[in-house]
Amino acid sequence: MKELQRRVDELIRKMGGYWTPSQMLTALVEEVGELADVILSFEGVKGVKDHDKLKEELGDVLFALICIANYFEVDMEDALMETIKKYSARDL
């Protein structure tokens, strides 16, 4: 995960730098909405199932999350490991 964060940071810096936190949050919400549309297609609610589109939208959401984590200097791997521990202790 650290390598992914480094690669995203490198790309963002080449593109001119990070957006403001509120702009990045807005982008994340937009990407989650697009992911929701794709998931609805898999549930037969609307649209046509498209695995490639699902993969694309999951990638977009992860990219947006990594941008926010990088901006606030949060190690995503550490954050995820803490969440796994929390759920394991609480829900098992």
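The values are calculated or read from the model by the stated rules, or taken from the named source; none is laboratory data. Only a predicted model underlies this, so the values are computations on that prediction, with no experimental measurement involved. In this analysis, Cβ positions are derived from the backbone assuming ideal geometry, glycine residues included, and neighbour counts consider all displayed protein chains. With ligands, DNA and RNA removed, areas are computed over all heavy atoms of the protein, side chains included. Shrake-Rupley method; radii C 1.70, N 1.55, O 1.52, S 1.80 Å.
Yes/no per residue for (1) assigned to a loop (DSSP other than H, G, I, E, B); (2) surrounded by 12 or more Cβ atoms within 10 Å (Cβ to Cβ):
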| residue | (1), (2) |
| --- | --- |
| 3 | no, no |
| 13 | no, no |
| 16 | yes, no |
| 23 | no, no |
| 26 | no, yes |
| 37 | no, yes |
| 40 | no, yes |
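Of the residues in the stretch 68-77, at least one is without any contact (Cβ under 8 Å) to a residue 24 or more places away in the chain, open to solvent by 80 Å² or more (accessible area, probe 1.4 Å) and either of a type in the set (D, E, K, R) or under 16 Å from residue 24 (Cα atoms) (or both).
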